[in-house]
Amino acid sequence: MSRLQRKKSLLTRGHRYKRLGQRLFLTLGLILLVLIIGGTYWYRSTLLQKFTHLMENNGLTVEKIFISGRNKVTHDEILTALGIRLHTPMVFFSLQDAHDRLKTLPWVHSLTVERQWPDTLFIHLEERKPLALWQHEKQIYLVDKEGAVIKEKDLENFMHLPSITGPHAAQHLPELLHALSDFPEIKKAVVSATWVGNRRWNIHLENKVTLMLPEHNLINALERFRKYEQTHKLIEEARKSIDLRIPQRIILA
């Protein structure tokens with residue numbers, strides 16, 4: 001074998017040993033990394049178990065949950081939304097997370113969640129109060145004073161509520177309720193209401209007469225109606241509707 005051939009053979013063997021060394025180093029590195037990760041996980045798991053046992057031994061776990069203001073919301077719904085089990089360390093319970101999860105329940109309007117050491121949680125709910133039935137796309141929904149839709153399947157106990165119809169009627173209900181709040185005698189006579197053209201209301205009274213309200217200045221229109229109803233008995237004169245849409249005019253039909 002010539003000197004040049006021997007030199008090439010040595011270079012090839014050297015490269016081979018170098019690649020083998022790199023692979024061995026990489027393999028050992030991966031093994032070391034796995035050992036470090038596994039050891040860290042084991043240490044944290046052991047530390048967590050010791051901490052949990054410490055909390056349990058000192059009575060610093062959730063043992064009592066008091067709930068007030070609950071009527072429509074069930075106990076199971078609340079406990080599921082809380083996402084916590086009895087005997088869980090109190091420090092693992094996040095008040096903000098619990099508040100956010102409970103707030104997603106359909107009947108919950110507002111709430112407070114308090115932690116009282118060493119072992120008690122207090123939850124106070126304010127539930128939504130439905131004021132109307134919204135008929136929309138062949139479905140009926142409960143709506144509260146803020147226009148929030150309450151997802152409730154059993155509507156048997158709410159059929160006495162006035163109904164509203166029309167796309168987006170629910171979200172515009174608060175402005176109508178606000179206007180009617182100054183006219184209790186009119187509000188009492190309302191059977192249903194229709195959101196017309198996505199811009200104004202018609203309200204239907206119990207004597208089958210419809211008040212056609214303007215797009216703006218609802219309170220002024222209702223005040224005008226009340227004034228002339230007292231002096232001219234508009235409801236008795238009208239057969240079908242009372243148009244209040246034109247300022248300073250009332251049209252009976």
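Computed from the coordinates by the stated procedures, all read-outs in this text should not be read as laboratory data. Quantities reported herein were computed from a predicted structural model and do not represent experimental measurements. Neighbour counts are summed over all protein chains in view; Cβ atoms, including those assigned to glycine, are modelled from backbone coordinates with ideal geometry.
Computed from phi, the 3J(HN,Hα) profile of region 64-77 under the Karplus parametrisation 6.51, -1.76, 1.60 (θ = phi - 60°) reads 9, 10, 9, 10, 10, x, 8, 9, 8, 6, 8, 4, 4, 4 Hz, with x in place of Gly and Pro. Fully extending the segment from Leu60 to Leu79 would add 4.9 nm, taking 0.36 nm per residue of separation and subtracting the current Cα-Cα distance. Treating r as the C-beta distance of Ile246 and His160 and R0 as 25 Å, the FRET efficiency rounds to 0.15. The packing ranking, built from the mean of other Cβ atoms within 10 Å per residue, places the peptides 154-163, 235-244 in the order 235-244, 154-163, highest first. Phi angles across region 118-133 convert, under the Karplus curve 6.51 cos²θ - 1.76 cosθ + 1.60 with θ = phi - 60°, into 3J(HN,Hα) values of x, 8, 10, 10, 10, 10, 10, 10, 10, 7, 5, 10, x, 10, 7, 10 Hz, Gly and Pro given as x. Taking every lysine pair in region 49-184 that is 8 or more places apart or spans two chains, those with Cα atoms closer than 25 Å amount to 20. Treating r as the C-beta distance of Ile140 and Thr231 and R0 as 51 Å, the FRET efficiency rounds to 0.85.
Close amide H partners of Phe93, meaning residues 5 or more places away or on another chain with modelled amide H under 5 Å apart, do not exist here. Within region 106-252, the ratio Rg/Rh, alpha carbon atoms throughout and Rh by Kirkwood, equals 1.11.
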